[in-house]
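Input: a single structure, listed below in structure tokens.
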Amino acid sequence: MTTNSSNTMALAPNTSNKRETICIFGTGDFGRALGHKLIQCGYPVVYGSRSTKITNLIPKDAEVLGHAEAAQKAAIIIIAIQRQHYNFLTPLAEILHGKVLVDISNNLKLKQYPESNAEYLAQLLPGSKVVKGFNTVSAWALQSGTLDASRQVFICGDDVEAKQMVMNLVRALSLTPVDKGSLLAAQEIENYPLQLFPMWKFPMLLSLGLTVFFFLYCLALDVIYPYIYEKSDVSFYIAISIPNQVCPVMALVLLGLVYLPGIFAAIIQLYRGTKYRRFPDWLDKWMLCRKQLGLIALAFASLHVVLSLVSPLRTFESWRTSRRIVSQALNNQTEPLDNTDAWLSDSYLALGILGFFLFVVLGITSLPSVSNSVNWREFRFVQSKLGYLALILCTAHTLVRGGDWFLSPSAYKWYLPNVYMLSLVIPCAVLVVKCVLILPCIDKPLTQIRQGWERNPKHSE
């Protein structure tokens, strides 16, 4: 008898897995996309709308009712409308009392209102449990299913139970909820979609400023100087030659700037004798954008490779080659092969190829999909050890290319050094100081400091 009862219970349908009804106020793009996704995940969806007429835009299995009727059917109501239309919710305050309201709205610009949209909604409906969420997910991503780049959903709210309900809903949609705390964090969450590459602002501005400086520097030395003193018009250098000087210079300088803040951090820690004090704000911000600086450097290096490959196709190169051949034929002379120049040329190319290869490895490893698949030790080995090796190879590549210019008086036009000489300042400084820091007499106390040892413990207070 007991056995039969047990079997009957085992075969009975499990009603605990039944999904609760979700109400959505708003039938715009995001409301429809979210409703479609909820239906796919097994949730009954009811739309609250001014018009109860069902159109082909509404998901097939969804129900459309008036706002009051729809709200009565669900404990969770997703507010998929803009802030300026929130006033229609005030007459529904009694029906919405105790309901979980998920505010998904965004603004058109930063600091558009004194308080966040979610806080404003909570003020309009003090009896409801307002939770901020889903505002960082796009309608297109929900419709197309390409959620890899926006899988995280930031959640905040004052009611712990309501917030947990929304987080469970997020997980059911195969997304990752991130609890940001109370509703005070709503303004920060609403600002996320409005920030256009926030970590790229400083690297981009720095790169743009340096690019303009080096371009004008090369323009003055390679185009304006010959025109003034030699009456030679080589303005066509602006198209290929000068960019092919600026790109490797920028790549090397930016790569040096990636590792320079680490040098500063080590020196500061040695000076203070502790790791328990914050770095200066400028150094903190610099260290946070090293990845972006490295990727921009890789872009310049890649452009340098392309420009170098197309350089032999230029009319100027064809003219110079044919002129040399005709000159040798008229003089009945053949220039012998200079083994030294051949060695320098091959070494220059080999160092450049190896340096660029490691550059690409660094760039690939910094991608989230790759960095998430390696452990911390492996990531540090690639970014630190291989990174410094890439810096050494690229610096050597530049030295072999133009090392003899340091001793050539003709390289100092207007008493200014060649642009390649300028590009070596930061990388060489980084490598020299790094060689000093890895000396046992300095590396040992630095390692102890980074492991928690303090020269004077009172500094940590």
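Gln187 meets all of the listed conditions (1) buried (at least 19 other Cβ atoms within 10 Å of the Cβ); (2) over 25 Å from the mean Cα position of the chain (by Cα) but one, namely (2).
Taking the criterion of being farther than 30 Å from Val253 by Cα and surrounded by 10 or more Cβ atoms within 10 Å (Cβ to Cβ), the residues of the stretch 285-324 that qualify are Ser318, Trp319, Arg320, Thr321, Ser322, Arg323, Arg324. Applying a threshold of 9 Å to beta carbon distances and a minimum spacing of six or more residues, or different chains, the list of pairs starting in the stretch 227-245 at a residue that is in contact (Cβ under 8 Å) with a residue 12 or more places away in the chain and open to solvent by less than 60 Å² (accessible area, probe 1.4 Å) and ending at one that is of a type in the set (A, V, I, L, M, F, W, C) and not in a helix (DSSP H, G or I) reads Ser241/Val234. For residues in the stretch 389-422 being among the aliphatic types (A, V, I, L, M) and open to solvent by 60 Å² or more (accessible area, probe 1.4 Å), which is modelled with the lowest pLDDT? Applying the filter and picking the extreme gives Leu407.
Selection over the stretch 43-69 of residues that are within 23 Å of Gln164 (Cβ to Cβ) and in contact (Cβ under 8 Å) with a residue 40 or more places away in the chain gives a count of 1. Within the stretch 438-459, the residues that satisfy the criterion of being free of Cβ contacts under 8 Å to residues at least 12 places away in the same chain, assigned to a loop (DSSP other than H, G, I, E, B) and more than 32 Å from the chain's Cα centre (by Cα) are Leu439, Trp453.
Screening Phe154 on (1) modelled with pLDDT under 95; (2) in contact with a Pro (Cβ under 9 Å, 6 or more places away or on another chain); (3) in a helix (DSSP H, G or I) shows it passes everything except condition (3).
Mind listing just one residue for me: the one in the stretch 274-284 that is touching a residue at least 40 places away in the same chain (Cβ under 8 Å) and out of contact with any His (no Cβ under 7 Å at 6 or more places or on another chain) and, of those, surrounded by the most Cβ atoms within 10 Å (Cβ to Cβ)? Ranking the candidates gives Lys275 first.
Elements of the type strands (runs of 3 or more DSSP E) sitting completely within the stretch 57-115 and holding at least 2 residues that are open to solvent by less than 20 Å² (accessible area, probe 1.4 Å): these cover 76-79, 100-103.
Only residues that are at pLDDT below 90, in contact with a helix residue (DSSP H, G or I) (Cβ under 9 Å, 6 or more places away or on another chain) and open to solvent by 60 Å² or more (accessible area, probe 1.4 Å) were counted in the stretch 340-360, giving 1. Would you confirm whether any residue within the stretch 2-20 is at pLDDT 85 or above, open to solvent by 40 Å² or more (accessible area, probe 1.4 Å) and closer than 23 Å to Leu125 by Cβ? Within the stretch 2-20 (the criterion being at pLDDT 85 or above, open to solvent by 40 Å² or more (accessible area, probe 1.4 Å) and closer than 23 Å to Leu125 by Cβ), the answer is yes, since at least one residue qualifies. If we scan the stretch 293-304, do we find a residue that is assigned to a helix (DSSP H, G or I), without any contact (Cβ under 8 Å) to a residue 60 or more places away in the chain and among the β-branched types (Val, Ile, Thr)? There is no residue in the stretch 293-304 that is assigned to a helix (DSSP H, G or I), without any contact (Cβ under 8 Å) to a residue 60 or more places away in the chain and among the β-branched types (Val, Ile, Thr). Considering only residues that are over 18 Å from Pro248 (Cα atoms) and either among the hydrophobic types (A, V, I, L, M, F, W, C) or open to solvent by less than 50 Å² (accessible area, probe 1.4 Å) (or both), which ones fall in the stretch 361-375? Passing the criteria: Ile364, Thr365, Ser366, Leu367, Val370, Ser371, Val374.
The values are calculated or read from the model by the stated rules, or taken from the named source; none is laboratory data. Predicted model only: the values in this text are computed from it and were never measured. Methodologically, a virtual Cβ is constructed for each residue, glycine included, from the backbone with ideal geometry; neighbour enumeration extends over all protein chains shown. Keep in mind that these areas ignore ligands, DNA and RNA; they rest on the heavy atoms of the full protein, side chains included. Shrake-Rupley method; radii C 1.70, N 1.55, O 1.52, S 1.80 Å.
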